[in-house]
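Below is one structure, written out as structure tokens; the observations come after it.
What follows is calculated from the coordinates using simple rules that are stated; it is not laboratory data. This structure is a prediction, so every number in the text was calculated from the model and none was measured. A quick note on method: Cβ atoms are made from the backbone with ideal geometry, for glycine too, and the neighbour counts reach across all protein chains shown.
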Amino acid sequence: MSLKFNILSSLLAFGLATSAQAVTITGYDLLNVNQAPEDSYDGTLRGSAEGIPGLVDYVGGGGILNDGLLPDERAGTQSFFGRNVVENASITLYFDRAVRIDSIEFLIGQGVGDTNRIPGSLLELTAVGGGGDFVTSLSAEGFGSIGRSGTQINERFDFAGTDFAEVELDSITLRNFFTTPTDGFPGFFLGEIVVNEFTDIAPVPLPASGLLFLGGLAGFGMLRRRKGS
């Protein structure tokens with residue numbers, strides 16, 4: 001009975017799972033950040049609205065972080081460098097539709113990681129969504145190549161099990177960045193951001209051979225009952 005139940009359960013549950021796929025980031029806002037090269041962003045550049053000296057805001061556009069390209073040198077990245085930036089910066093990402101977020105990945109090109117100790121230093125951030133209704137702190141999980149810092153140069157933030165797991169959002173804000181100071185300087189660089197969403201996989205129809213197998217099990221069970229009566 002146990003063997004039949006296990007087989008039937010495995011077959012009937014086949015395909016009932018979740019997976020993740022990348023979300024289209026239509027644009028983003030960066031507040032209180034270092035200024036990147038002028039051609040790296042197609043939104044509005046202005047001084048920090050909070051009046052923080054030396055920092056700028058980028059609003060209403062996109063660029064380095066959602067162009068699908070990983071830079072091979074620091075000049076092609078967005079810097080979040082220095083104590084004022086790490087403590088005050090925020091990133092708001094806008095999506096092409098409402099999604100349930102599975103994870104967010106911060107990526108940097110291999111060339112940058114090979115020549116700079118900063119990539120891989122981001123340890124934690126706070127995610128805010130739904131107009132502030134959902135807030136959670138997330139720890140970074142390193143992945144990818146090992147850089148000059150001796151750590152993996154990319155970071156992934158897993159949203160599974162958080163307040164966000166069952167909520168559909170068309171934007172999210174990331175802030176309260178926490179880093180390990182490298183060479184005495186807090187900061188991190190970004191070449192690309194990838195947002196992955198939870199995707200429910202529909203049940204996969206059993207092939208004809210599977211249906212025949214189930215039918216055989218059912219017939220076998222009826223035969224055993226008749227012999228036992």
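How far is it, in nm, from the label point at T180 to the one at T126 when both lie 7 Å from their Cα along the line to the Cβ?
2.4 nm
Determine which residues of segment 112-134 fall in the zone a paramagnetic label at E166 would reach in this model, i.e. backbone nitrogen under 18 Å from the point 7 Å along Cα→Cβ.
129-130, 133-134
Using per-residue counts of other Cβ atoms within 10 Å, averaged over each peptide, order 109-119, 22-32 from highest down.
109-119, 22-32
For segment 55-127 and segment 132-202, what is the centre-to-centre distance using only Cα atoms, to the nearest Å?
Cα centres, segment 55-127 to segment 132-202: 10 Å.
Taking the mean number of other Cβ atoms within 10 Å as a proxy for protection, how do you rank 33-39, 78-84 from highest to lowest? Intermediate values should be presented prior to the final figure.
Working: 33-39: 15.1, 78-84: 19.0.
By packing density, highest mean first, the sequence is 78-84, 33-39.
From the Cα gyration tensor of segment 21-73, with a ≥ b ≥ c the square roots of its eigenvalues, which class applies: rounded if a/c is under 1.5, or else prolate if a/b is larger than b/c, or else oblate?
On the way: a/c = 2.37, a/b = 1.66, b/c = 1.43.
Prolate is the answer for segment 21-73, as a/c is 1.5 or above and a/b outweighs b/c.
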